[in-house]
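The values are calculated or read from the model by the stated rules, or taken from the named source; none is laboratory data. Because the structure is a prediction, the values reported are computed rather than measured. Using ideal geometry, Cβ is built from the backbone for each residue, glycine included, and neighbour counts are taken over all protein chains shown.
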Amino acid sequence: MTASMKPFIATAMIVITLSVITLSGCQHNAVTSPRGTLDADVLAALIEPQLPPPAFTEGHLIAPGVTIPDPDLWRDIRNGFSLTRHTDQKRVQQELRWLQRHPRYLPNMEPRLARHLAYIHQRVVERGLPSELALLPIVESALDPYAFSHGGAAGLWQFIPATGKRFGLERNWWYDGRRDPVAATEAALDYLESLHGRFGDWYLALAGYNAGEGNVSRAQRRGRKGAGFFELKLPRETSAYVPRLLALAQLVADPAALGVTLPQLSPDVPFLVVDTGSQMDLSVVTRVTNIDIDTLYRWNPALNQWSTPPSGPHHLLLPVDEGADAAIQIAAVPENERVEWLRVKVRSGDTLSQLAHRYRTDITSLKKANGISGTRIAAGQSLLIPRSSSALANPVAARTQGSLYVVQSGDSLWTISRAYDVPINTLMKANHVGPKDYLRVGQKLTLPGHVQTVQQVSRPAQIRKVRYGVKKGDSLARIAGKFNVRVTDIVNWNKLKIGAYLQPGQILLLYINASATGAD
């Protein structure tokens with residue numbers, strides 16, 4: 001836990017907390033805007049000057065003539081707007097046309113909006129920043145903590161690794177702070193405030209967040225003195241980025257004008273941050289709190305493995321309805337019972353027998369935990385060591401040993417095959433499905449011949465599709481190493497030949513496990 005977090009987290013108590021980590025830079029999976037036209041009456045309604053949003057008209061009667069408004073996160077965000085939305089600008093109008101043609105854009109991400117937006121808005125308000133900034137992660141990632149760009153940016157706020165490292169962002173085998181909704185939000189707001197301090201203008205600060213402050217400064221030097229965002233020559237993506245946020249703010253300000261119905265969202269933050277005090281095995285958390293392992297992973301996307309990191313941060317996000325009791329139950333777990341698994345690296349000369357003796361376990365358990373059929377291990381290899389017999393049966397390990405998989409939203413035969421290391425042909429044959437068959441959410445699939453390995457003991461894979469532009473000097477091996485995939489995968493995904501010459505600018509389709517992008 002960093003020193004800056006300590007005032008916000010009391011040991012074994014529940015708090016809404018934040019990790020003050022500053023990051024910068026981003027690459028985006030941003031929405032593109034097809035060309036089109038807005039109806040004249042719609043456009044006229046959007047051009048400034050704009051009237052303030054009307055006062056609430058519905059609510060709960062508490063006394064004659066006195067009402068309180070129904071909870072409405074959109075209204076709260078709308079009331080904090082302070083930026084001019086420049087709806088007379090062509091680029092903003094292009095983004096508005098896209099939103100008008102895609103009225104399901106926000107409703108389709110309702111589960112992610114409900115999980116993250118209230119907290120982000122709360123932090124924006126507490127810092128006294130324009131409420132428009134709370135909408136920025138929608139532009140960045142569609143509020144997907146596993147969003148992963150071709151440039152290696154990750155998380156709700158799409159931070160690249162280099163800037164994360166520069167500002168001390170925790171990113172390792174256990175944890176990726178870019179995917180931590182609390183830490184990443186704090187870092188993003190730190191960076192945006194810093195950019196605003198540098199440029200004295202929120203539009204240029206937003207441009208700097210997207211393109212990097214250096215690119216904005218260079219554009220200023222090339223332009224006329226005092227030129228604003230819409231007058232500067234900026235990268236194409238950035239030129240669309242700020243208008244995209246302004247158009248989204250306009251949609252929230254007046255959804256009816258664009259024919260959109262916003263999903264109903266509560267302004268209450270739906271999670272609590274619980275300080276575990278030290279490393280905590282998720283299987284232990286599951287056992288003492290009765291919060292299932294899928295829920296723990298869903299609320300804690302920053303965790304790469306089966307526990308919180310050994311050196312911290314030692315906190316878990318838990319659903320608000322269960323967080324209070326869970327904090328008490330977690331605090332009651334003795335220190336020597338908090339971790340059921342150890343991860344060790346094999347040293348030169350080590351044998352399974354020696355490791356079993358050293359860590360007070362048996363060879364059979366070691367082999368079972370790591371999917372080893374023989375006795376050979378190699379120096380530098382990572383092994384999982386069960387600290388107790390119950391570890392082999394804990395929910396984290398058991399989730400990958402079972403023979404059934406329940407289909408989730410966004411799944412395909414390919415992603416399931418990759419996540420659980422089952423050949424796709426074997427998966428199809430065992431379940432009597434074809435390559436083009438539609439998988440239903442909730443459908444159960446058999447995972448034939450499924451064995452537990454080190455990778456499978458860790459959290460389930462989160463596969464994201466990335467389009468990567470080949471750069472000068474790239475090779476299949478270099479790209480495979482960068483994204484932690486196999487050369488043969490890239491070849492198969494793109495119908496290439498091994499050893500094929502890659503052309504700069506060529507687009508490759510990659511399927512990245514966004515939950516395993518941290519450094520070892």
Flag if V491 is within 27 Å of the chain's Cα centre (by Cα) and either loosely packed, with under 12 Cβ neighbours inside 10 Å or not polar (S, T, N, Q) (or both) = no
ask   = What are the residues in segment 494-520 that are in a loop (DSSP other than H, G, I, E, B), buried (at least 16 other Cβ atoms within 10 Å of the Cβ) and at pLDDT 80 or above, if any?
value = L496, L502
ask   = In segment 217-238, which residue that is hydrophobic (A, V, I, L, M, F, W, C) and part of a helix (DSSP H, G or I) is surrounded by the fewest Cβ atoms within 10 Å (Cβ to Cβ)?
value = F230
request  = Residue by residue through segment 66-100, note down the ones that are of a type outside the set (K, R), touching a Lys or Arg at 6+ places or on another chain (Cβ under 8 Å) and part of a helix (DSSP H, G or I).
outcome  = V92, Q94, E95
ask   = Would you say A153 is buried (at least 22 other Cβ atoms within 10 Å of the Cβ) and touching a His at 6+ places or on another chain (Cβ under 8 Å)?
value = yes
key: Test result for N484, at pLDDT 70 or above and on the phi > 0 side of the Ramachandran plot   = yes
ask   = Hey, Q456 hits all of (1) in a helix (DSSP H, G or I); (2) modelled with pLDDT of 80 or more; (3) surrounded by 18 or more Cβ atoms within 10 Å (Cβ to Cβ); (4) not hydrophobic (A, V, I, L, M, F, W, C) but one; which does it fall short on?
value = (2)
ask   = Any idea which of (1) within 18 Å of R85 (Cα to Cα); (2) touching a residue at least 40 places away in the same chain (Cβ under 8 Å); (3) not aromatic (F, W, Y) is the one G212 doesn't satisfy?
value = (1)
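Listed here are the residues, each with its yes/no results for (1) out of contact with any Leu (no Cβ under 8 Å at 6 or more places or on another chain); (2) touching a residue at least 40 places away in the same chain (Cβ under 8 Å).
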position	(1), (2)
Q462	yes, yes
V470	no, no
D474	no, no
A480	yes, no
T488	yes, no
V491	no, no
K495	yes, no
Y501	yes, no
I507	yes, yes
request  = Go through segment 336-366 and count every residue that is surrounded by fewer than 17 Cβ atoms within 10 Å (Cβ to Cβ) and either in contact with a Phe, Trp or Tyr (Cβ under 6 Å, 6 or more places away or on another chain) or not β-branched (V, I, T) (or both).
outcome  = 14
remark   = Requiring at least 3 residues that are farther than 15 Å from N300 by Cα and of a type in the set (A, V, I, L, M), the helices (runs of 4 or more DSSP H) wholly within segment 101-175 are 110-126, 136-141
query = Can we say L318 is in contact (Cβ under 8 Å) with a residue 24 or more places away in the chain and outside any loop (DSSP other than H, G, I, E, B)?
reply = yes
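Among the residues of segment 333-367, count how many are under 31 Å from the mean Cα position of the chain (by Cα) and either at pLDDT below 85 or under 25 Å from T286 (Cα atoms) (or both).
10
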message = Going by what's in this entry, would Q93 be described as surrounded by 19 or more Cβ atoms within 10 Å (Cβ to Cβ), of a type outside the set (V, I, T) and closer than 30 Å to R343 by Cα?
response = no
key: Qualifying residue in segment 191-198 (condition: outside any helix (DSSP H, G or I), more than 23 Å from D88 (Cα to Cα) and in contact (Cβ under 8 Å) with a residue 60 or more places away in the chain)   = no
ask   = Any idea which residue in segment 297-319 is modelled with the highest pLDDT, counting only those that are hydrophobic (A, V, I, L, M, F, W, C), over 17 Å from V269 (Cα atoms) and touching a Ser or Thr at 6+ places or on another chain (Cβ under 9 Å)?
value = L303
task = Name, by its number, the condition in (1) more than 27 Å from P111 (Cβ to Cβ); (2) free of Cβ contacts under 8 Å to residues at least 60 places away in the same chain; (3) outside any loop (DSSP other than H, G, I, E, B) that does not hold for I328.
result = (2)
ask   = What are the residues in segment 397-450 that are in a helix (DSSP H, G or I), out of contact with any strand residue (DSSP E or B) (no Cβ under 8 Å at 6 or more places or on another chain) and modelled with pLDDT of 75 or more, if any?
value = L413, S417, I424, N425, T426, M428
